[in-house]
Every structure is written in C-alpha cells, then in structure tokens.
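**Q** So that we are looking at the same thing, I have put the structure below in structure tokens.
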Amino acid sequence: MKLQQLRYICEIANQGLNLSRTAKSLHTSQPGISKQIQLLEEELGVDIFIRNGKRIVKISPPGKAILTIAERIIQDTENLKRISQEFTHPAGGTLTIATTHTQARYVLPSVIKRFTMRYPDVRLILRQGSPTQISELVTSGEADIAIATEAIELFHELVMLPCYEWNRCIIVPLTHPLLELKELTLEAIAQHPIITYDFAFTGRSKTNQAFESSGLTPNVVLTAIDSDVIKTYVELGLGIGILAKMAFDPKRDKHLKSIDASHLFEPSTTRIGISRNSYLRSYIFDFIEMFAPHLTETTIRAALQKRREHPKP
C-alpha cells in the first residue's frame, strides 16, 4: 500500500468520481491512476469503487470506510510536515484562508495587514467561494481555516468557533421614499423590488425567515454573491438592497443611503471552521485571535480536543 494510492482515491472522490479531472488535478495520467487503484483494490481484497465498464459510477460501501481512513492518513501526513516546519521554520510558511467575498472585502483587510506586519515571511492565500465550498476546502485539506456565516455547521468534520454577530441594513438611492419613514418595517420593504445575497451566502436564511414569519413574500429581483454587485444594481435603480451592515461604507458609497434593519432580522453569527484533526501552527492561532480576540490558543485547543474526544455522528 502506497501513500500515493491513498491520495488518488481521495482525489477521485473530491473530483466527483471523474478520472480525467482527477488526472489533471494530480498532473498525472488517467491510465496510471486506474492502474494504482486496481493494485490497491487487489491488495485490500475489496472494490473501493463501483464501475460501469471503465467508468467509476459510485463508491462502494467498504470504499466509503476506506476513504474515511485514507483522508485521515493524508491529513496526518500533512500534520507531520506542519510539525516539522513549526520547529525548523517557525516564522515562515503558508496560511490559506477560505472565506466569502464579504469577509474578504470588508472584515479581513485590517486583520491581514496586522498579521503580515507580524509575520512577513508567511505567505497568505485567500480562497473565495460559497460557505459550502469554503467548508469543503478545509475538510479536504486545501485550506487551513474557513470563515463564513452559513453552512459551516453542516460539516461535522469541522470545529465551529463563533467570532462575532452582525445584522443587516437596507440600502437605497439618495432620494428613495423609504428614507422618509419614521420606522422601517418588513411590510414597507416588501413593497419594493429587492436585491440581496444568493441563498447560500451571508445569512440569507435569516432574511427569508423574517419575511416568512410575517406572512410576506419579498419580490427578490436579483441575487448576487458579492456585496459590491448588490450596491451597483441598487445605484442603477433596479431595487433596494438588503446588505450586511459591515459591507456599507458611507465614505465609499456616497450615492447610496443605509437604513438600519437590525430590529427586523435575527442577528447572524460569523464563525471560523477548523478541521478537528488538523495541526495548527502558532501563527494560525495568532491570526484567529487577531480576527476574534476571545478565541485564544487555549480556547481553540480546548475546542479541538473536545471534538476529538466526542466527535459528532
């Protein structure tokens, strides 16, 4: 059994059982991958994958158990490398952060500036995507931490650490009639076309819940994954925007006005997700504490240890 073979089966699973994509991702040949998987299956005496001709169509029941162990072995291999780097190059390395546009654009810049000043030899990589996508990046080992509001809790492999609560505002053009109201209501908002986040992003579920509980059906005419895109189309007059308050900057967004809507929606919580089996280098602990000062190294280690001792089903 070779570590390379375990990498192959894990990557096949990550690539949706597509061998050509797997070969491209691993910079190798498709026949070479097929041969190594066949050798591994012969050694283990079971089929890891179910095939239709030469095409892989499904992961077999024993294959699922084998993949779980293989993924753990691959991650532990990476952990061994991180432990070595911790002692041989304590101030250098790479930190890959998977996050959403709103976090990357409006929350992280000041933290990243502080971090790079303290750790100039650490290479930072930002990977953006939906909360589900960025959670998958961490579970697969392609990112060290995930920062998001939605979906992290769906991934049992991740330890969730609450960072801060936030709420929403309504953004409108400078002369919009909503600005004349003494108190903003959901009924008033529902009378206008709405531009807001895609359902998978940035607390959209809390927004939907508020309208549903009031028996209202909002007229959502456009959704986007990017706060700046939402603001652009509000400026064009296509509708009013429901936006994370952190994403509105009066100095930059001079052609728009913001109306506080925190009394209308339940607050959302931004969390950091960490793989429960990962080894965190010291500068990763420091980054997390810069982002959320209450998350000290002691707190994080305790949360990781608790999850390892009592993993969720």
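The values are calculated or read from the model by the stated rules, or taken from the named source; none is laboratory data. Please read these numbers as outputs of a predicted model, since none were measured by experiment. Every residue, glycine among them, receives a Cβ derived from its backbone with ideal geometry; neighbour counts consider all protein chains shown. Each accessible area value is taken on the protein alone, full model and side chains, heavy atoms only, with ligands, DNA and RNA left out. Shrake-Rupley method; radii C 1.70, N 1.55, O 1.52, S 1.80 Å.
**Q** Taking the condition modelled with pLDDT under 95 and within 29 Å of Tyr233 (Cβ to Cβ), does Ser135 pass?
**A** yes
**Q** Which of the residues spanning region 251-269 are in contact with a helix residue (DSSP H, G or I) (Cβ under 7 Å, 6 or more places away or on another chain) and among the hydroxyl-bearing types (Ser, Thr, Tyr)?
**A** Listed by number, the list holds a single entry, Ser268.
**Q** Looking at Thr149 and the list (1) in contact with a Gly (Cβ under 6 Å, 6 or more places away or on another chain); (2) surrounded by fewer than 15 Cβ atoms within 10 Å (Cβ to Cβ), which single condition is not satisfied?
**A** Only one criterion is unmet by Thr149, namely (2).
**Q** Would you say Gln209 is closer than 20 Å to Thr94 by Cβ and either acidic (Asp, Glu) or not in a strand (DSSP E or B) (or both)?
**A** Values: closer than 20 Å to Thr94 by Cβ: no; either acidic (Asp, Glu) or not in a strand (DSSP E or B) (or both): yes.
Taking the combined requirement at face value, the residue does not satisfy it.
**Q** Right, Leu186: modelled with pLDDT of 95 or more and either among the aromatic types (Phe, Trp, Tyr) or within 19 Å of Ser268 (Cβ to Cβ) (or both) or not? Break it down stepwise before answering.
**A** On the way: modelled with pLDDT of 95 or more: yes; either among the aromatic types (Phe, Trp, Tyr) or within 19 Å of Ser268 (Cβ to Cβ) (or both): yes.
Criteria met by Leu186.
**Q** Ok, one more. Show me the strands (runs of 3 or more DSSP E) entirely contained within region 234-313 in which 2 or more residues are open to solvent by less than 10 Å² (accessible area, probe 1.4 Å) and either touching a residue at least 12 places away in the same chain (Cβ under 8 Å) or closer than 18 Å to Leu95 by Cβ (or both).
**A** Ranges flagged: 240-244, 268-275.
**Q** Out of curiosity, is Glu136 farther than 27 Å from Lys251 by Cβ, charged (D, E, K, R) and crowded, with 17+ Cβ neighbours inside 10 Å?
**A** In short, yes.
**Q** On the basis of being touching a Cys at 6+ places or on another chain (Cβ under 8 Å), aromatic (Phe, Trp, Tyr) and closer than 20 Å to Arg168 by Cα, does Phe291 make the cut?
**A** no
**Q** Right, Lys182: open to solvent by 60 Å² or more (accessible area, probe 1.4 Å), in a loop (DSSP other than H, G, I, E, B), within 29 Å of Ile147 (Cβ to Cβ) and charged (D, E, K, R) or not?
**A** no
**Q** Let me ask another. Just name the residue that is farthest from Gln103 (Cα to Cα) out of those in region 206-227 that are of a type in the set (D, E, K, R) and open to solvent by 50 Å² or more (accessible area, probe 1.4 Å).
**A** Glu212
**Q** Taking region 240-262, which residues are closer than 17 Å to Leu181 by Cβ, more than 26 Å from the chain's Cα centre (by Cα) and not basic (Lys, Arg)?
**A** Within region 240-262, Ile240, Leu256, Ser258, Ile259, Asp260 qualify.
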